[in-house]
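Undergrad: Would you mind keeping the following structure in view while I ask a few things?
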Amino acid sequence: MTQDTQPTNLSSAEASRYSRHILLHEIGLAGQQKLKDSKVLIIGAGGLGSPAALYLAAAGIGTLGLADFDQVELHNLQRQILYGSKDIGVTKTEAAHKKLNETNPHTQVHQHVGKVTADNAISLFSDYDLMIDGTDNFPTRYLNTDAAYFTGKPIIHGSIFKFEGQVSLFDPAHQGPCYRCLFPHAPSPDSVPNCGEAGVLGALCGLIGSLQALETIKYLIGFGESLLGQVVIVDALSMQFRTIKSKKNPDCPLCGSNPTITDLNSMNDRDHCKPKSHHSSESHHYPLEIEPSEAKEMIDNDSNVLLLDVREPVELQICRIENSVHIPMGQIPHTIDQLPKEQHILTICHHGMRSMNVTRFLRAQGFSSVTNIKGGIDAWAKQIDSSLQTY
Ligand SMILES: [Zn+2]
């Protein structure tokens, strides 16, 4: 109990407000003081940033920065719970500032209106202890994780695609991989739609944003096991949580032994949102993602194609495509040596997100001919084979 004997400057009103935190031995007065002394920047005050900001303000983070350039629109309200109908047309940071002040007047809110760019990211991040990435597109995500790397600051990654979400911690000061160790280069803009086009489930944003807030609190106080070197993947449809280990990639273009990205302006893939020109020409030969109909044609006409199903065994019992090879996503890193580099691997899962992760992972490991099947077995059942049971 030594931590609670350290002096704090919490007022009696604050001690009372945070009493349910303080009662937890892992937090105590000392932990609560650490939260008060912390500065957290939330990039993107949207579906993920909303729950993260509300929980972190309520938790007593001393300074919360909010970076966003948008105004509140009607279609945001389905998931962006920082805002209400009266906020439509108001700048998000402004509306959020007001709401967070109501939630907890002890938390100082700093508004950063405008886009985070290669020119301002380093100085912005330098003012904070930790970043939360709540953005919904790849160029910004790469910029944020690159800038976190160059400033040596931790960043809590969160993302959503349809019914699946991911959370991880990248912390260059404490080893572990960076985002580019997992996904070296940004995908082409048309290969992965953002939530503006793809649809997004509000409650899933709530779950992922809350997990980001929770990781932030654990990190700042220093208790529990962090997500350093681990990615949590949530499948809302089956309500399964999986954790996959992520390793540092020695050939990583950012943190590897021979980096090609040496400052925020030394790369072009964030701007153009496509692989860098030095990427092997082989990888251009195969698209990152194809439609089920194209995949079907390849499988029927090319004996060098391997269909790799990365779903869980229980899902296979519901439906599977004939002659597919089954390795659940979590097993891929352990079985990578058994996969044939000379074959064209087509990856498939339920809706296309897990298999996209596997596609990017395998490409990062040197498999250039890997392609994701868009929409997964669900789309396959609808477009190719209606005898397959959907779920
Ligand atoms: Zn890296």
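Undergrad: Please verify whether Pro177 is in contact (Cβ under 8 Å) with a residue 12 or more places away in the chain, more than 23 Å from Gly62 (Cβ to Cβ) and surrounded by fewer than 22 Cβ atoms within 10 Å (Cβ to Cβ), treating the condition exactly as stated.
TA: Spelling it out, it is not the case that Pro177 is in contact (Cβ under 8 Å) with a residue 12 or more places away in the chain, more than 23 Å from Gly62 (Cβ to Cβ) and surrounded by fewer than 22 Cβ atoms within 10 Å (Cβ to Cβ).
Undergrad: Name the single residue that is modelled with the lowest pLDDT among those in segment 184-197 being away from the ligand (no atom under 13 Å from the Cβ) and within 16 Å of Asn144 (Cα to Cα).
TA: Pro187
Undergrad: Can you list the helices (runs of 4 or more DSSP H) found entirely within segment 286-391 that contain at least 1 residues being among the charged types (D, E, K, R)? I'd like the intermediate steps shown before the answer.
TA: On the way: elements: 292-301, 313-318, 332-335, 353-364, 376-383.
Ranges flagged: 292-301, 313-318, 353-364, 376-383.
Undergrad: Check His110 against each of (1) touching a helix residue (DSSP H, G or I) at 6+ places or on another chain (Cβ under 6 Å); (2) of a type outside the set (Lys, Arg); (3) within 25 Å of Tyr18 (Cβ to Cβ) and name the one condition it does not meet.
TA: Result: His110 fails condition (1) only.
Undergrad: Let me ask something additional. When Ala52 is evaluated against the numbered criteria (1) surrounded by 15 or more Cβ atoms within 10 Å (Cβ to Cβ); (2) of a type outside the set (Ser, Thr, Tyr); (3) in a loop (DSSP other than H, G, I, E, B), which criterion, by number, is the only one it fails?
TA: (3) is the only condition that Ala52 fails.
Undergrad: Moving on to the next point. Looking at segment 10-33, can you tell me whether even one residue there is surrounded by fewer than 16 Cβ atoms within 10 Å (Cβ to Cβ) and basic (Lys, Arg)?
TA: Yes, segment 10-33 contains at least one residue that is surrounded by fewer than 16 Cβ atoms within 10 Å (Cβ to Cβ) and basic (Lys, Arg).
Undergrad: Now a separate question. So, Pro340, is that one without any contact (Cβ under 8 Å) to a residue 40 or more places away in the chain, on the phi < 0 side of the Ramachandran plot and within 28 Å of the chain's Cα centre (by Cα) or not?
TA: So Pro340 fails the test.
Undergrad: Then there is this: So in segment 361-391, with the set limited to residues that are farther than 13 Å from Cys349 by Cβ and charged (D, E, K, R), which one is modelled with the lowest pLDDT?
TA: Only one residue tops the list, namely Arg363.
Undergrad: Restricted to segment 219-248, and to residues that are buried (at least 17 other Cβ atoms within 10 Å of the Cβ) and over 18 Å from the mean Cα position of the chain (by Cα), which residue is farthest from the ligand (Cβ to nearest atom)?
TA: Looking at residues that are buried (at least 17 other Cβ atoms within 10 Å of the Cβ) and over 18 Å from the mean Cα position of the chain (by Cα), I get Ile221.
Undergrad: Can you pull out the residues in segment 216-242 that are closer than 19 Å to Pro333 by Cα and free of Cβ contacts under 8 Å to residues at least 24 places away in the same chain?
TA: Correct list: Phe241 only.
Undergrad: Which fully enclosed strands (runs of 3 or more DSSP E) of segment 78-183 have 1 or more residues being at pLDDT 95 or above, closer than 21 Å to Pro259 by Cβ and of a type in the set (Phe, Trp, Tyr)?
TA: Where strands (runs of 3 or more DSSP E) fall fully within segment 78-183 and carry at least 1 residues being at pLDDT 95 or above, closer than 21 Å to Pro259 by Cβ and of a type in the set (Phe, Trp, Tyr), they are 164-170.
The values are calculated or read from the model by the stated rules, or taken from the named source; none is laboratory data. As the structure is a prediction and not an experimental result, all values here were calculated from the model. Quick reminder, even Gly has a Cβ in these numbers, built from the backbone with ideal geometry, and neighbours come from all protein chains shown.
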